[in-house]
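Participant: Provided herewith is a single structure, encoded as structure tokens, for subsequent inquiry.
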Amino acid sequence: MNQSIKVEKTVTIDKPTAELYRFWRHFENLPRFTRHLKDVRVSNDKRSHWITSGLLDGTIEWDAEIIDDRPNELIAWKSVANADVDNAGSVQFKPAPGDRGTEVKVVTVYNPPAGVIGDAISKLFGENPKQQIGDDLARFKMLMEAGEIATNDGQLSGRRNSKD
Amino acid sequence: MRAVCWQGTNNVQVETVPDPKIINPRDAIVKITSTAICGSDLHLYDGFVPTMEQGDILGHEFMGEVVELGSAVHNLKVGDRVVVPFPIACGGCFFCKQKLTSLCDNSNPNAFMAEAIMGHSPAGLFGYSHMLGGYAGGQAEYVRVPFADVGPFKIPDGLADEQVLFLTDIFPTGYMAAENCDIQSGHIVAIWGCGPVAQFAIRSAYMLGAERVIAIDRVPERLQMAEQGGAEVLNFEKVDVGEALKEMTGGRGPDAVMDAVGMEAHGMGVEGLIDKAKQAVRLETDRPHVLRQAILACRKGGTVSIPGVYGGFVDSMPMGAAMNKGLTFKMGQTHVHRYLQTLLDRVQNGEIDPSFVITHRLPLEQAPHGYEIFKHKKDNCIKIVLKPGQAA
Ligand SMILES: NC(=O)c1ccc[n+]([C@@H]2O[C@H](COP(=O)([O-])OP(=O)(O)OC[C@H]3O[C@@H](n4cnc5c(N)ncnc54)[C@H](O)[C@@H]3O)[C@@H](O)[C@H]2O)c1
Ligand SMILES: [Zn+2]
Ligand SMILES: [Zn+2]
């Protein structure tokens, strides 16, 4: 049996809670800063379909449902029963002291199943889940504060035998 | 294009690499007309900064002409002549809003590496290791400049490259280090090092009202340039610096002390040898010889200003002296953006001509030779400007 993986991470973003809540509430936006998500399709106010990327042998998909939604404060979601990957998450928005914007806290829990998919999921989230969520949150912050995500992808170098 | 690449410790080569491209909407491409080698580059050259990779393009002091703009940059035009601050800053985060641009939250794509070592990540820098962003530097013919609507600063006509190039780093660095000395009337400031940063720090300390500046080094032509800037000088190989400073300040010690040398300070005697040995086997990453001496020399209640770069850990810091003497420490990579206009004004009104510090002008192709003479202080080398596109 694989162990359930729980990760918590908080970052302060210099934007009003309402603006951050609104962006996140549109789950279609999540792949813009979440590295392992390729696509999120929203079916209705509660329900959405999530598709991962970055797996060698294809994608893993599941349906999720919003289980709590408090405007400008909190959004919580959970995979529906019988999803390949049993997972849940929440994001909390709290005004930071001293007019410094919003403290954004993300909590995610994965219960990877046994077997091939479970191994793939563990690979995807398991190596350093806290850093992965941290990186995703850092990219969310960049997108909100700077309007784009800083990158050195495609950055040139004089590396010998390199493809860039 | 041609670019200066780090190929390992004590090895830089000019290589042909692909031209940079716009990647993000706020990027610009700048065609470089002048670029300098910095003392900070020597820390890379000497192999003391972790997370360098073979082939990385060096250089963080550069200026030139805008040749291409991303779709979100509206305050620049193709053809503008700009200097580019060495820290990369987004303009929108908590730190940028306070003009603490070297602490920008959003410019380091490899923030996690810096966080592992320092707890939090400072701004990304041009050409300064993967831990600090992995960005290609500007000792090259072209460079990609991220957040180009914030960094590049337009230069008015009538000023030569050599008069404004150092606004990218060493002039603001010397100036901020002097500001950090909290200079009051009658104050005496002691500055360790007479490299390019110190040369600007000496002149800035006088601009900010210092009564006297005492500068310390051992390289004759650097000491001489410090004297030309109005400093009294001490050769640390010839005198006991601590004793000399006491005598020169009526026994009080300097009101502020500045470490403009950093992690590769030349140590004297047994202490110096021990630090060198520890650094060689990475028991200690930095050699804090100057910092120790400065703390002991500083007067009670004085200020320690540290523009010299440290990367990791130091041993045997005289914390007891610092604490019991009630010292204040101020340091950091320079928030270059916030000094551009005021220092340009000082250049324009003739208060200072930063080109005084240049001793060598070389084609970019001769960068390997440049690093050698700058590192070993050969041929009276103090500051080198490289010119891309010139025949070798
Ligand atoms: N804070 C910043 O943003 C910033 C920006 C630029 C440079 N720097 C740092 O500033 C420092 C100086 O830069 P630079 O370009 O002037 O470099 P440099 O290497 O040319 O100058 C260093 C000088 O220190 C002298 N020195 C060595 N040991 C000494 C000792 N024990 N006592 C007195 N002097 C000693 C050397 O002889 C040399 O002249 C470097 O650490 C560099 O990385 C910091
Ligand atoms: Zn520099
Ligand atoms: Zn910023």
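Participant: Return the total of residues in the range A:3-21 being in contact with a Phe, Trp or Tyr (Cβ under 9 Å, 6 or more places away or on another chain) and either farther than 16 Å from residue A:72 by Cα or in a strand (DSSP E or B) (or both).
Facilitator: 7
Participant: Considering only the range A:69-83, state which residues are in a loop (DSSP other than H, G, I, E, B) and either of a type in the set (D, E, K, R) or free of Cβ contacts under 8 Å to residues at least 12 places away in the same chain (or both).
Facilitator: Within the range A:69-83, A:73, A:81, A:82 meet the criteria.
Participant: Another question, if that's okay. Looking at (1) under 13 Å from residue B:151 (Cβ atoms); (2) away from ligand 1 (no atom under 14 Å from the Cβ), which one does residue B:32 not meet, given that it meets all the others?
Facilitator: Here residue B:32 clears every test but (1).
Participant: Can you tell me how many residues in the range B:305-342 are away from ligand 2 (no atom under 16 Å from the Cβ) and either polar (S, T, N, Q) or closer than 21 Å to residue B:167 by Cβ (or both)?
Facilitator: Residues flagged as away from ligand 2 (no atom under 16 Å from the Cβ) and either polar (S, T, N, Q) or closer than 21 Å to residue B:167 by Cβ (or both) within the range B:305-342 amount to 7.
Participant: From B:94, B:86, B:112, grab the single residue that is in the same structural domain as residue B:7 (by TED's automatic domain parsing), within 16 Å of ligand 2 (Cβ to nearest atom) and either more than 27 Å from residue B:165 (Cβ to Cβ) or buried (at least 20 other Cβ atoms within 10 Å of the Cβ) (or both).
Facilitator: B:86
Participant: I would also like to ask the following. Given (1) surrounded by fewer than 16 Cβ atoms within 10 Å (Cβ to Cβ); (2) within 15 Å of ligand 1 (Cβ to nearest atom), identify the lone condition not met by residue B:74.
Facilitator: Result: residue B:74 fails condition (2) only.
Participant: Kindly provide the set of residues from the range B:79-104 that are within 7 Å of ligand 3 (Cβ to nearest atom) and at positive phi, ordered by number.
Facilitator: Residue satisfying the conditions is B:91 alone.
Participant: State the number of residues belonging to the range B:1-50 that are buried (at least 21 other Cβ atoms within 10 Å of the Cβ), assigned to a loop (DSSP other than H, G, I, E, B) and modelled with pLDDT of 95 or more.
Facilitator: 5
Participant: Check the range B:204-219 and report whether any residue there is at pLDDT 95 or above, of a type in the set (Lys, Arg) and surrounded by fewer than 24 Cβ atoms within 10 Å (Cβ to Cβ).
Facilitator: For the range B:204-219, residues at pLDDT 95 or above, of a type in the set (Lys, Arg) and surrounded by fewer than 24 Cβ atoms within 10 Å (Cβ to Cβ): present.
Participant: Only residues that are among the β-branched types (Val, Ile, Thr) and away from ligand 1 (no atom under 16 Å from the Cβ): list them for the range B:178-197, please.
Facilitator: Scanning the range B:178-197 gives B:183, B:188.
Participant: For the range B:58-100, enumerate the residues that are within 11 Å of chain A (Cβ to nearest Cβ) and β-branched (Val, Ile, Thr).
Facilitator: Result: B:88, single match.
Participant: Right, something else. Which one is nearest to ligand 1 (Cβ to nearest atom) among residues in the range B:101-125 that are more than 7 Å from chain A (Cβ to nearest Cβ) and under 16 Å from the mean Cα position of the chain (by Cα)?
Facilitator: Going through the qualifying residues, I end up with B:102.
Participant: For a quick check of your reading of the model, give me the residue pairs whose first member lies in the range B:186-211 and is assigned by TED's automatic domain parsing to the domain that holds residue B:296 and of a type in the set (S, T, N, Q), whose second is within 16 Å of ligand 2 (Cβ to nearest atom) and at pLDDT 95 or above, with beta-carbon atoms closer than 6 Å and at least 6 apart or on different chains.
Facilitator: B:199/B:357; B:204/B:174; B:204/B:175
Participant: Moving on. From the list B:237, B:227, which one is part of a helix (DSSP H, G or I) and either surrounded by fewer than 17 Cβ atoms within 10 Å (Cβ to Cβ) or more than 14 Å from ligand 1 (Cβ to nearest atom) (or both)?
Facilitator: Answer to the check: B:227.
Participant: So for the range A:39-51 (the condition being at negative phi and either assigned to a helix (DSSP H, G or I) or touching a residue at least 60 places away in the same chain (Cβ under 8 Å) (or both)), does at least one residue qualify?
Facilitator: no
Participant: Go through (1) facing chain B (nearest Cβ under 8 Å); (2) modelled with pLDDT of 95 or more for residue A:144 and report which single condition fails.
Facilitator: That leaves (1) as the condition not met.
Participant: Filter the range B:254-275 down to residues that are more than 16 Å from ligand 2 (Cβ to nearest atom) and buried (at least 22 other Cβ atoms within 10 Å of the Cβ) and give me whichever is farthest from the other protein chains (Cβ to nearest Cβ).
Facilitator: The selected residue is B:254.
Participant: Look through the range A:28-38, keep the residues that are touching a residue at least 40 places away in the same chain (Cβ under 8 Å) and surrounded by 15 or more Cβ atoms within 10 Å (Cβ to Cβ), and return whichever of them is nearest to residue A:81 (Cα to Cα).
Facilitator: Of everything passing the filter in the range A:28-38, A:36 is nearest to residue A:81 (Cα to Cα).
Participant: Further question: Under 9 Å between Cβ atoms, which residue pairs at least 6 apart in sequence (or on different chains) link something in the range B:91-109 that is within 10 Å of residue B:121 (Cα to Cα) and free of Cβ contacts under 8 Å to residues at least 60 places away in the same chain with a partner that is acidic (Asp, Glu) and part of a helix (DSSP H, G or I)?
Facilitator: B:105/A:145; B:106/A:145
Participant: Another question about this same structure. What residue, among those in the range B:133-177 that are more than 12 Å from chain A (Cβ to nearest Cβ), closer than 15 Å to residue B:30 by Cβ and part of a loop (DSSP other than H, G, I, E, B), is farthest from ligand 1 (Cβ to nearest atom)?
Facilitator: B:155
Participant: Sort through B:49, B:73 and tell me the only one that's in the same structural domain as residue B:165 (by TED's automatic domain parsing) and more than 23 Å from residue B:173 (Cα to Cα).
Facilitator: Of the residues listed, the single one that is in the same structural domain as residue B:165 (by TED's automatic domain parsing) and more than 23 Å from residue B:173 (Cα to Cα) is B:73.
Participant: Can you tell me which of B:347, B:304 is assigned by TED's automatic domain parsing to the domain that holds residue B:96 and away from ligand 3 (no atom under 16 Å from the Cβ)?
Facilitator: So the residue among B:347, B:304 that is assigned by TED's automatic domain parsing to the domain that holds residue B:96 and away from ligand 3 (no atom under 16 Å from the Cβ) is B:347.
So that you can scan it fast, the table gives a plain yes or no per residue for (1) at pLDDT 95 or above; (2) touching a His at 6+ places or on another chain (Cβ under 9 Å):
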site	(1), (2)
B:99	yes, yes
B:106	yes, no
B:116	no, no
B:121	yes, no
B:124	yes, no
B:145	yes, no
B:152	yes, no
B:155	yes, no
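The values are calculated or read from the model by the stated rules, or taken from the named source; none is laboratory data. Keep in mind the model is a prediction, meaning the values are calculated, not measured. Glycine gets a Cβ as well: all are built from the backbone with ideal geometry, and neighbour counts include every protein chain shown.
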